[in-house]
Amino acid sequence: MKNLKGACIFAQSGGPTSVINASAAGVFIEALGQENITKVYGAAHGIKGILTENFYDMGQEDMKELELLKYTPSSALGSVRYKLKDASVDDTDYKRILEVFKKYDIRYFFYNGGNDSMDTCNKISKYMASSGYECNVIGVPKTIDNDLFGTDHCPGYGSAAKYVATTLMEVNLDAKVYDTGMVCIIEVMGRNAGWLTASAALAGTKGLGADLIYLPEVPFDMDKFVADVKDVCAKNNNKCIAVVSEGIKFADGKYVGEFKASATDLFGHAQLGGVCNVLAGVIKQATGIKVRGIEFSLMQRCAAHLASKTDIEETFRAGREAVKAAVSGETDKMVCYERKAGDKYEIEYKLLPLELAANTEKQVPKEWITANGTGLTEDFVKYALPLIQGDAKAPLEDGLPRFAQLKKVLATK
């Protein structure tokens with residue numbers, strides 16, 4: 001709907017990243033300069049902040065602090081994992097959201113997240129339309145998993161990939177200083193798509209990569225894994241570095257680490273982790289060689305000190321583009337990146353219908369995985385290398401990063 005005039009609200013959802021706040025900065029700074037946007041709100045803890053009427057007046061923040069959001073990791077407003085039921089099953093939450101939107105004259109809604117978040121965004125957009133309430137809804141993507149459909153890559157992926165590749169290079173140097181053997185098994189995030197694990201291949205371009213890389217796109221075979229490790233050790237003085245996705249699974253679809261996943265999140269996903277320790281035990285028993293299981297864990301998504309400048313700049317602009325699209329009349333869309341043809345890396349921004357982005361996972365192309373299933377081809381390197389370029393960090397105070405410090409003044413009506 002064009003020429004809408006009213007307030008906007010922005011919320012963050014799902015797992016944080018080192019650059020998710022760059023999207024927030026883009027949305028807030030752009031929205032504060034738009035004539036048709038009368039108030040700019042930031043919801044505390046995603047959709048829950050709207051349901052509980054707990055959100056902040058972003059117009060009360062200092063511009064300096066909003067700029068610092070670009071270099072501040074994690075979700076500055078707080079995140080959430082909250083699944084909206086279909087309105088046809090239970091419309092209680094939707095009625096409440098509509099009530100809040102009307103109360104605060106919210107005509108623009110921006111939701112920042114991954115697959116499940118885009119599903120939430122789509123559901124709200126459809127409900128507002130069916131209720132006859134004019135509100136433009138735009139999804140702002142983010143996920144280190146890089147698995148959102150319709151976009152060349154996702155905000156947050158480049159920085160997380162840079163962390164994985166850099167830290168792998170450092171581990172490689174450390175693990176091989178002794179004249180005794182050691183196997184390192186490194187676990188990287190990624191449930192059903194191995195994009196982040198694949199980024200380990202970037203370290204290989206500097207001669208400090210992994211010997212073996214296992215993605216969830218290829219069924220995992222424990223016997224083959226043991227044989228692969230033994231083969232590398234036989235050629236390399238009993239030294240081997242293997243990088244595995246937390247989501248690797250056997251041919252029957254069961255996750256290797258599933259027996260550790262006694263809990264699930266609110267979307268019903270098994271909470272994975274500890275795969276490296278499972279495999280470390282298997283290799284120790286099979287070879288007798290010293291084994292270390294290393295889980296990169298939360299560091300993958302909060303390492304702002306290794307953030308990609310390209311990632312930050314693209315993510316900041318994605319936030320701005322979301323606001324521009326909404327003000328121009330677009331709704332029920334997600335901002336996407338499209339890579340331009342040619343040798344020089346460039347992207348342009350486009351919009352994708354939310355229903356296409358929601359709950360659709362994009363996996364690593366099979367042709368980018370080597371025939372033996374333990375590495376990546378040059379095509380992947382050409383795809384990922386441009387995404388990790390440049391250095392951009394928060395300014396230092398007393399030798400430590402100065403992250404954004406928001407006032408978080410509660411909105412009132």
Exercise. In the stretch 93-104, what residues are open to solvent by 60 Å² or more (accessible area, probe 1.4 Å) and within 27 Å of A24 (Cβ to Cβ)?
Worked result: R96, E99, K102, K103
Seminar exercise, completed: Residue pairs qualifying under the 8 Å Cβ cut-off, at least six apart or on distinct chains, with the first in the stretch 313-337 being free of Cβ contacts under 8 Å to residues at least 60 places away in the same chain and the second being surrounded by fewer than 24 Cβ atoms within 10 Å (Cβ to Cβ) and among the polar types (S, T, N, Q), are none
Exercise. If we only count helices (runs of 4 or more DSSP H) wholly inside the stretch 1-92, which ones have 3 or more residues that are surrounded by fewer than 21 Cβ atoms within 10 Å (Cβ to Cβ)?
Worked result: 63-68
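Would you confirm whether any residue within the stretch 240-258 is out of contact with any helix residue (DSSP H, G or I) (no Cβ under 7 Å at 6 or more places or on another chain), in contact (Cβ under 8 Å) with a residue 60 or more places away in the chain and closer than 20 Å to V278 by Cα?
Within the stretch 240-258, the first condition is being out of contact with any helix residue (DSSP H, G or I) (no Cβ under 7 Å at 6 or more places or on another chain), and the residues that meet it are 247, 249-255, 258.
Checking which are in contact (Cβ under 8 Å) with a residue 60 or more places away in the chain leaves us with none.
No - not one qualifying residue is present in the stretch 240-258.
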Exercise. Under 7 Å by Cβ, and 6 or more places apart or on different chains, what pairs join a residue from the stretch 381-406 that is among the small types (G, A, S) with one that is open to solvent by 40 Å² or more (accessible area, probe 1.4 Å) and modelled with pLDDT of 95 or more?
Worked result: G390/K309; A392/Y71; A392/K309; A394/Y71; A394/P401; A394/F403
Exercise. Which one of Y163, Y111 is touching a residue at least 12 places away in the same chain (Cβ under 8 Å) and under 20 Å from V335 (Cα atoms)?
Worked result: Y111
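One line per residue, one yes/no per condition, for (1) closer than 21 Å to G319 by Cβ; (2) acidic (D, E); (3) modelled with pLDDT under 95:
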position: I97; (1), (2), (3): no, no, no
position: F101; (1), (2), (3): yes, no, no
position: G113; (1), (2), (3): yes, no, yes
position: C135; (1), (2), (3): yes, no, no
Exercise. Taking the stretch 276-293, which residues are surrounded by 20 or more Cβ atoms within 10 Å (Cβ to Cβ) and in contact with a helix residue (DSSP H, G or I) (Cβ under 8 Å, 6 or more places away or on another chain)?
Worked result: L279, I283, V291, G293
Problem set entry | Close pairs (8 angstrom Cβ cut-off, 6 or more residues apart or separate chains): under 16 Å from Y41 (Cα atoms) in the stretch 63-91, of a type in the set (V, I, T) anywhere | M63/I29; L66/I29; S75/I20
For this session: Sort through A307, A371 and tell me the only one that's within 27 Å of V188 (Cα to Cα), out of contact with any strand residue (DSSP E or B) (no Cβ under 9 Å at 6 or more places or on another chain), at pLDDT 95 or above and of a type in the set (A, V, I, L, M, F, W, C).
Result: A371
Seminar exercise, completed: Per the list (1) exposed (fewer than 13 other Cβ atoms within 10 Å of the Cβ); (2) of a type in the set (G, A, S); (3) on the phi < 0 side of the Ramachandran plot, residue check on G399 breaks on (3)
Problem set entry | Matching residues, the stretch 19-64, being under 17 Å from Y104 (Cα atoms) and among the basic types (K, R) | K39, K48
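The values are calculated or read from the model by the stated rules, or taken from the named source; none is laboratory data. Given the structure is predicted, the values throughout are model-derived calculations rather than measurements. Note that each Cβ is placed from the backbone with ideal geometry, even for glycine, and that neighbours are counted across all protein chains shown. These accessible areas exclude ligands, DNA and RNA; they are computed on the full protein's heavy atoms, side chains included. Shrake-Rupley method; radii C 1.70, N 1.55, O 1.52, S 1.80 Å.
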